[in-house]
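Engineer: Handing you a structure now.
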Amino acid sequence: MSATSVLYDAPGKRAKRRNVIYTVVFLVVFALAAWWILSVMADKNQLAAEKWSPFVKDSKVWTTYLLPGLGETIKAAALAIVIALPLGALLGIGRLSDHAWVRVPVGAVVEFFRSIPVLMMMIFAGALYVQFSNVSSDLRPLYAVVTGLVLYNSSVIAEVVRAGILTLPRGQTDAAKAIGMRKGQTMGYVLLPQAVTAMLPALVSQLVVIVKDTALGGAILGFADLLSQKDTIPANYGANTIATLVVIALLYIVLNFALTTFAGWLEKRLRGAKRSTGAVLGADDADQANAPGAPANASGA
């Protein structure tokens, strides 16, 4: 009898043969698609050395455009993360309150901001800063991007936090009550510390979303982030838009890979430092939290 796993039966000989065939077919199709794309790019003179060489031979393209743009991207993402994480945690705890006068308004706020596209909130925030603030025109795009990111992502993080806490066994709360802990103490000393490791994968997924969504400000609001350099570099280096976009995409990949690598290391440290319930909220849970009206109780409790 073939070995089985919890999720599926181990493939037999025919299934393995089919998998090999599917893999070969996919690789052939992928290679043909890549060859066609490169051929079209070559016909359009997009593979010419002069379009790619500035990124290797001219340091000014990095010091004048790419690195300053990357710095603005990191600044906006870092500000949004620093504000959205604690705000989202407070909103998530508020949604679990026993008091309806706290739970209902907080729930309305979370559902409201989860339902609005983040780009719309950025544009709306920018208009508000123009009409009702003294923020300089140089800083308004940054303020608008950070405001939109905070409003949207704090509401999503609130659902992640709520789901993480609800995955814990009810016995944790009962045990805390049995020794006389108040609800605030139970939340701060018992539930949240244990829920952190369960929430971390979903939180990291949302942090990656924050980094990527900063590009909306560069594309629409004139924010001088990494993506906005797609216009300035070709204007100064001979219409090399495709090469510029490829380099920018690689920088986003490196930045997000560094973020997820650090989060993976942190998760291992946390799991090694304290016992976990074993429940984990992954990227799919973050996607559900992004969907307006989606239930937050991942455990079905």
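Engineer: Inside the stretch 54-111, can you point out the residues that are touching a residue at least 60 places away in the same chain (Cβ under 8 Å), small (Gly, Ala, Ser) and closer than 30 Å to residue 232 by Cα?
Structural biologist: Of everything in the stretch 54-111, those that are touching a residue at least 60 places away in the same chain (Cβ under 8 Å), small (Gly, Ala, Ser) and closer than 30 Å to residue 232 by Cα turn out to be 69, 76, 77, 80.
Condition check ((1) exposed (fewer than 10 other Cβ atoms within 10 Å of the Cβ); (2) more than 28 Å from residue 201 (Cβ to Cβ)) across all residues:
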{"position": "13", "(1), (2)": "yes, yes"}
{"position": "16", "(1), (2)": "no, yes"}
{"position": "30", "(1), (2)": "no, yes"}
{"position": "45", "(1), (2)": "no, yes"}
{"position": "78", "(1), (2)": "no, no"}
{"position": "85", "(1), (2)": "no, no"}
{"position": "91", "(1), (2)": "no, no"}
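Engineer: Of the residues that make up the stretch 170-178, is at least one assigned by TED's automatic domain parsing to the domain that holds residue 65 and either under 20 Å from the mean Cα position of the chain (by Cα) or not in a helix (DSSP H, G or I) (or both)?
Structural biologist: Among the residues of the stretch 170-178, not one is assigned by TED's automatic domain parsing to the domain that holds residue 65 and either under 20 Å from the mean Cα position of the chain (by Cα) or not in a helix (DSSP H, G or I) (or both), which makes the answer no.
Engineer: So residue 39 fits all but one of (1) polar (S, T, N, Q); (2) free of Cβ contacts under 8 Å to residues at least 12 places away in the same chain; (3) assigned by TED's automatic domain parsing to the domain that holds residue 232; what number is the exception?
Structural biologist: (3)
Engineer: Would you confirm whether or not the stretch 37-50 contains a residue that is acidic (Asp, Glu) and closer than 30 Å to residue 152 by Cα?
Structural biologist: Looking for residues that are acidic (Asp, Glu) and closer than 30 Å to residue 152 by Cα, one finds none in the stretch 37-50, hence no.
Engineer: Scan the stretch 234-257 and tell me whether some residue there is touching a Phe, Trp or Tyr at 6+ places or on another chain (Cβ under 7 Å) and assigned to a helix (DSSP H, G or I).
Structural biologist: yes
Engineer: Quick one: is residue 216 in contact with a Gly (Cβ under 9 Å, 6 or more places away or on another chain), in a helix (DSSP H, G or I), farther than 24 Å from residue 272 by Cα and at pLDDT 95 or above?
Structural biologist: No; evaluated as a whole, the condition is false for this residue.
Engineer: Also, quick follow-up: Take residue 116 and decide whether it is under 27 Å from residue 228 (Cβ atoms), outside any helix (DSSP H, G or I) and among the aliphatic types (A, V, I, L, M).
Structural biologist: Spelling it out, residue 116 is indeed under 27 Å from residue 228 (Cβ atoms), outside any helix (DSSP H, G or I) and among the aliphatic types (A, V, I, L, M).
Engineer: Let me ask something additional. Report, by residue number, each residue of the stretch 125-155 that is within 18 Å of residue 215 (Cβ to Cβ) and either among the β-branched types (Val, Ile, Thr) or surrounded by fewer than 15 Cβ atoms within 10 Å (Cβ to Cβ) (or both).
Structural biologist: 145, 146, 147, 150
Engineer: Inside the stretch 12-101, counting only helices (runs of 4 or more DSSP H) that do not spill past its ends, which hold 2 or more residues that are modelled with pLDDT of 90 or more, farther than 30 Å from residue 247 by Cβ and among the hydrophobic types (A, V, I, L, M, F, W, C)? Step through it out loud before you land on a result.
Structural biologist: Numbers: elements: 13-43, 49-52, 54-57, 67-95.
Here the list reads 13-43, 67-95.
Engineer: Among (1) over 18 Å from the mean Cα position of the chain (by Cα); (2) in contact (Cβ under 8 Å) with a residue 40 or more places away in the chain, where does residue 149 come up short?
Structural biologist: Just one mismatch for residue 149, condition (1).
The values are calculated or read from the model by the stated rules, or taken from the named source; none is laboratory data. Everything numeric in this text was worked out from a predicted model, so none of it was measured. Methodologically, a virtual Cβ is constructed for each residue, glycine included, from the backbone with ideal geometry; neighbour enumeration extends over all protein chains shown.
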